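Everything below concerns the one structure shown next.
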Amino acid sequence: MSSTIFILLRQELLLSLLIFLLLFIKIGKERSNESILNLINILLFVNLASGLFGMSEGGAFNGMFTTNAFIVLEKNILNLAMLLISMQSYAWLKNHKQLAEYYLLLFTSLLGMFFMISSGNLLMFYLGLEMSTIPLAAAANFDLAKRKSSEAAMKLILSSAFSSGILLMGISFLYGTSGTLSFDILTAHISNNPMQLFGFILLVSGFAFKISAVPFHLWTADVYEGAPVAVTAFLSVVSKAAVLFTFTSILYKVFTPIATVWYGVLVVLSVATILIGNLFALRQDNFKRFLAFSSIAQVGFILIGISGSSQTGSASLVYFVLIYVFSNLAAFGVVSVVSALAGKENISDFKGFYKTNPFLSWVLTIALFSLAGVPPTAGFFGKLFLMMAGAAKENYGLITFAALNMVISFYYYLKVVKAVFMEENEQPIQKLSVPAITKLAMYICIVGIIITGLASMVYDYIYSLSIGM
Amino acid sequence: MNLSLLILLPLLTALLILVSKQLAQIRVIGLVGSLAQLGAAGWLLKLYMDQRAAGNAATHLFESNTVWFKALNINYHIGIDGISLAMILLTSLIVVAGILVSWTMEKLSKEYFFLLVLLSMGAYGFFISLDLFTLFFFLEVAVIPKFLLIGIWGSGKKENSAMKLALMLMAGSALVFVGLMGIYYNTHTFDMVEIGRMGIALGVQKFFFPFLFLGFGIFAALFPFHTWVPDGHASAPTAASMFLAGISMKLGGYGCLRMAALMPDAAHSYSWIIILLATIAIIYGAFATMMQTDLKYINAYSSISHCGFVILGIGMLNKTSINGAVIQMVSHGLMTALFFAAIGMIYSRTHTRMVAQLGGLLKAMPFISTVFVIAGLCSLGLPGFSGFVAEMTVFMGSWQNPDGVYRIATVISAASIVVTAVYILRATGKTIMGPISDEHALLPDATWNEKLAAGLLIVGILIIGLAPFLINQLIMPTTDFLMINIDKALTLK
């Protein structure tokens with residue numbers, strides 16, 4: 001019995017081990033930042049690699065914790081994203097004093113996400129969610145000297161607290177009407193009971209806050225702008241992905257009896273999210289704000305995918321998130337390097353970027369093309385498969401809307417490409433020397449962007465696992 | 001022959017260009033790569049004709065079907081028939097010519113050649129696809145290189161033109177995508193051959209045909225979605241203009257044709273709208289051209305008019321007219337590519353494209369002027385050149401349609417030839433004849449690469465113009481087959 005728990009929880013335990021190691025590093029003797037960073041990156045790689053071997057299926061703690069091959073895959077994707085973010089923040093962290101704390105906060109948050117994804121019970125889910133959110137607020141405040149960073153942290157913690165409140169209220173309604181918190185039992189008690197529907201709506205609002213779906217998105221742009229780039233990357237990729245994974249599994253597992261209700265909710269949310277995200281992204285000049293709004297629009301597309309049937313829906317979600325990890329982190333990687341080494345974060349600063357930094361320009365361009373959904377990058381497949389999954393409901397009005405909105409999103413992604421390649425700048429960003437490890441992370445992202453799409457086995461693999469859900 | 005070769009050759013060329021260092025190396029790789037494509041296309045033609053002569057009556061030859069995304073029933077299904085082979089030959093000719101005329105490109109030459117080759121890869125992939133998803137994939141592969149080519153190497157208000165073109169084409173593919181979804185969820189497959197065999201329910205056809213036809217129509221400069229054409233062509237560098245008019249617009253025409261064959265009922269019931277739009281495009285394009293003073297704009301607007309004939313031929317839905325539409329696609333591709341090449345040669349020497357500032361070029365550059373005149377004469381449909389054959393066939397086909405409205409549309413479209421003659425003769429007359437200004441008098445004539453490029457295209461034009469039976473032999477059996485399906489669908493109703 002005890003050994004099975006070790007196997008089931010091995011990803012969580014390994015991460016906890018990393019957190020303890022960091023604590024020892026912190027109180028141990030003084031080391032150079034480079035050596036700590038290298039050590040952490042190696043450990044993160046080991047952490048990722050260990051997740052790839054051996055699938056385990058089962059539950060622990062009376063069904064509060066469940067895992068299967070699909071969930072392990074989701075956690076692996078988050079581990080991969082964590083590793084890439086860590087590799088890309090090398091230039092920024094090299095001279096940072098509170099290096100260990102930064103990783104402590106992110107790892108703790110990641111651990112919370114793991115528990116959230118694996119939760120088989122609303123209580124466990126809530127615990128995981130809080131554990132993942134609170135460290136993030138502290139991490140958002142990591143540019144200690146900047147006032148905007150503190151503002152971001154404040155906004156994040158307040159809006160998270162608010163959304164958690166709403167979420168808890170929804171949970172208590174569900175508990176009050178069904179008398180249980182366990183997903184398996186709860187689903188048998190779900191009906192069109194108004195009280196339960198209200199609880200469901202509150203629960204969805206709580207989720208919508210975390211994934212910044214419109215109209216619950218107002219915190220996103222400010223927080224993304226104020227937080228350090230690496231934390232923004234974590235917020236926009238890892239945190240969002242984890243909540244989306246959980247959201248999807250709860251929708252498909254628990255709320256199947258009211259599928260028509262949540263289909264309507266998802267359609268409204270996705271239409272608003274895509275439209276508002278796109279319209280606001282059009283006019284941003286700060287790169288992080290731009291990526292914030294574009295990521296809002298991406299969430300809208302994801303919601304369309306989820307609205308389809310469960311198997312293709314969850315498969316296309318996980319597939320898209322994997323692609324999103326590569327593409328968004330490649331874009332954030334470039335922004336992060338430029339911000340750390342040149343101190344510039346505006347799109348207008350990127351004018352003439354190609355003349356001085358061809359490599360970074362290509363990385364950025366390929367990443368943006370993938371985000372926009374241009375073939376042969378993987379983003380094309382990711383987005384199309386989401387829309388194909390959504391089209392299964394034969395709601396062609398929604399699909400037409402989404403397809404035309406892809407054109408709007410092309411406009412703002414191409415605008416950046418235009419600035420990078422076509423426009424002149426009197427004071428272009430100087431030639432930057434990218435750290436080797438960051439360069440490696442970018443190569444991984446580019447290879448990922450190209451391979452994940454064209455090589456169909458990635459999708460087929462995810463799809464085959466999603467049957468087991 | 002494995003058709004994937006047509007995708008692998010450009011891919012290999014592009015990768016080699018990416019790793020090469022010197023300008024000379026890049027050029028040579030680009031040229032050798034494009035010649036290899038031309039060779040492959042020619043070899044394919046020979047094999048195809050041999051197979052047909054040996055009595056192989058299959059609709060598609062060299063078919064191969066590999067599972068791509070198993071879970072979604074997406075297959076990499078490729079194969080060619082006469083029409084796609086004609087398009088492949090056209091593409092390979094224009095690619096060689098395009099690479100040759102960009103020989104002197106020195107600004108970011110590596111990226112330039114890379115994007116040109118990437119664009120051609122998209123076109124080949126598009127023409128050999130028998131699976132709608134693959135078709136769509138390659139259609140979009142060909143869009144982004146255009147954006148970068150125009151935006152980086154273009155002239156004038158290049159950024160705006162590039163953005164306009166990319167967004168309009170993307171909107172076109174968005175419409176195509178919605179149509180594909182509709183077909184997919186009603187037939188549960190993307191395979192065109194299979195869909196053709198099963199047929200699509202009438203209601204589904206009528207609902208989704210407009211999405212698909214308009215979507216591809218935007219690529220083919222269908223009125224009123226033609227507005228990207230003039231700006232895009234005028235701002236693009238020479239080779240990109242050639243690719244754009246010669247290859248890219250054909251993607252749209254070819255797509256429209258395939259969609260009409262796939263959904264004959266819908267094509268039939270919407271044919272009056274298609275023909276109305278085509279007639280407007282033909283007349284509007286011709287008159288708009290008369291008002292232009294910039295050579296590139298003249299050719300771009302006349303392209304709208306000429307591509308109208310393609311749509312007209314498809315809309316008439318009979319054997320002769322569809323044949324004409326295909327020949328018109330090939331002929332227009334060669335002819336505009338030649339025209340843009342000639343304009344590019346003139347511009348690179350005189351640094352102006354304004355008709356008013358040019359004159360008497362025949363004295364300084366006889367070769368380029370001759371090329372220019374040939375392109376012009378082909379454009380106005382002089383017998384002996386491909387334009388005549390193509391337009392004549394379209395008109396003959398259109399006239400076969402006895403309904404009054406169609407007759408009127410045919411007469412009006414045919415009348416546009418007069419307008420074409422006016423603007424072509426005026427433009428050529430003013431640029432080639434008359435007194436030459438002192439600064440232009442000493443300009444050099446075409447270099448070897450330009451002569452070769454123009455020569456290739458002219459040979460293509462003359463082959464179609466003087467021996468139209470050759471291209472008919474290639475495409476007729478295929479149109480016959482298409483018509484069997486279309487007639488069957490229409491008589492059953």
request  = Could you list all residues from the stretch B:147-165 that are modelled with pLDDT of 90 or more and charged (D, E, K, R)?
outcome  = B:164
remark   = Of the listed residues (B:153, B:103), the one being at the interface with another protein chain (Cβ under 10 Å from one of its Cβ atoms) and either aromatic (Phe, Trp, Tyr) or surrounded by 24 or more Cβ atoms within 10 Å (Cβ to Cβ) (or both) is B:153
request  = Name every residue in the stretch B:128-144 that is more than 7 Å from every other protein chain (Cβ to nearest Cβ) and modelled with pLDDT of 90 or more, in order of residue number.
outcome  = B:128, B:129, B:130, B:131, B:132, B:133, B:134, B:135, B:136, B:138, B:139
message = If I filter the stretch B:115-124 down to residues being crowded, with 24+ Cβ neighbours inside 10 Å and facing chain A (nearest Cβ under 10 Å), which single residue comes out as farthest from residue B:44 (Cα to Cα)?
response = B:122
ask   = How many residues are in contact with an Asp or Glu (Cβ under 8 Å, 6 or more places away or on another chain), within 14 Å of another protein chain (Cβ to nearest Cβ) and surrounded by 18 or more Cβ atoms within 10 Å (Cβ to Cβ) if we restrict to the stretch A:414-448?
value = 2
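Every residue, every condition in (1) closer than 18 Å to residue B:103 by Cβ; (2) of a type outside the set (D, E, K, R); (3) touching a helix residue (DSSP H, G or I) at 6+ places or on another chain (Cβ under 8 Å), yes or no:
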site: B:18; (1), (2), (3): no, yes, yes
site: B:24; (1), (2), (3): yes, yes, no
site: B:39; (1), (2), (3): no, yes, no
site: B:44; (1), (2), (3): no, yes, yes
query = Of all residues in the stretch A:71-91, which are buried (at least 22 other Cβ atoms within 10 Å of the Cβ) and over 18 Å from residue A:18 (Cβ atoms)?
reply = A:71, A:74, A:88
query = Where in the stretch A:176-239 are there helices (runs of 4 or more DSSP H), lying fully within it, with 1 or more residues that are farther than 20 Å from residue A:152 by Cβ and touching a residue at least 12 places away in the same chain (Cβ under 8 Å)?
reply = A:183-189, A:194-210
task = Mind listing just one residue for me: the one in the stretch B:1-60 that is among the hydroxyl-bearing types (Ser, Thr, Tyr) and not in a helix (DSSP H, G or I) and, of those, farthest from residue B:76 (Cα to Cα)?
result = B:20
inquiry  = Of everything in the stretch A:116-130, what is over 11 Å from residue A:242 (Cβ atoms) and among the aliphatic types (A, V, I, L, M)? Give them in sequence order.
reply    = A:122, A:123, A:124, A:127
task = Please report, ordered by residue number, the helices (runs of 4 or more DSSP H) entirely within the stretch B:226-297 with at least 2 residues that are farther than 19 Å from residue B:335 by Cβ.
result = B:228-235, B:249-262, B:264-269, B:271-290
Breaking point among (1) buried (at least 24 other Cβ atoms within 10 Å of the Cβ); (2) more than 11 Å from chain A (Cβ to nearest Cβ), for residue B:172 = (2)
message = Suppose the filter is surrounded by fewer than 24 Cβ atoms within 10 Å (Cβ to Cβ) and in contact with a strand residue (DSSP E or B) (Cβ under 7 Å, 6 or more places away or on another chain); does residue B:354 pass it?
response = yes
query = Does the stretch A:116-141 hold any residues that are within 20 Å of the chain's Cα centre (by Cα) and surrounded by fewer than 21 Cβ atoms within 10 Å (Cβ to Cβ), and which are they?
reply = A:126, A:127, A:130, A:131, A:134, A:135, A:138
query = When only residues in the stretch B:398-456 that are charged (D, E, K, R) and under 23 Å from the mean Cα position of the chain (by Cα) count, which is surrounded by the fewest Cβ atoms within 10 Å (Cβ to Cβ)?
reply = B:451
remark   = In the stretch A:176-197, anything over 18 Å from residue A:60 (Cα atoms), out of contact with any Ser or Thr (no Cβ under 7 Å at 6 or more places or on another chain) and surrounded by 15 or more Cβ atoms within 10 Å (Cβ to Cβ) is listed as A:177, A:178, A:190, A:197
key: Identity of the residue in the stretch B:180-202, over 21 Å from residue B:490 (Cβ atoms) and either in contact (Cβ under 8 Å) with a residue 12 or more places away in the chain or touching a strand residue (DSSP E or B) at 6+ places or on another chain (Cβ under 7 Å) (or both), that ends up farthest from the other protein chains (Cβ to nearest Cβ)   = B:191
ask   = So residue A:354 clears everything in (1) within 21 Å of the chain's Cα centre (by Cα); (2) of a type in the set (Ser, Thr, Tyr); (3) buried (at least 20 other Cβ atoms within 10 Å of the Cβ) except one condition, right? Which one?
value = (1)
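The values are calculated or read from the model by the stated rules, or taken from the named source; none is laboratory data. Since this is a predicted model, take the numbers as computed values, not measurements. We place every Cβ from the backbone using ideal geometry, glycine too, and count neighbours over all the protein chains shown.
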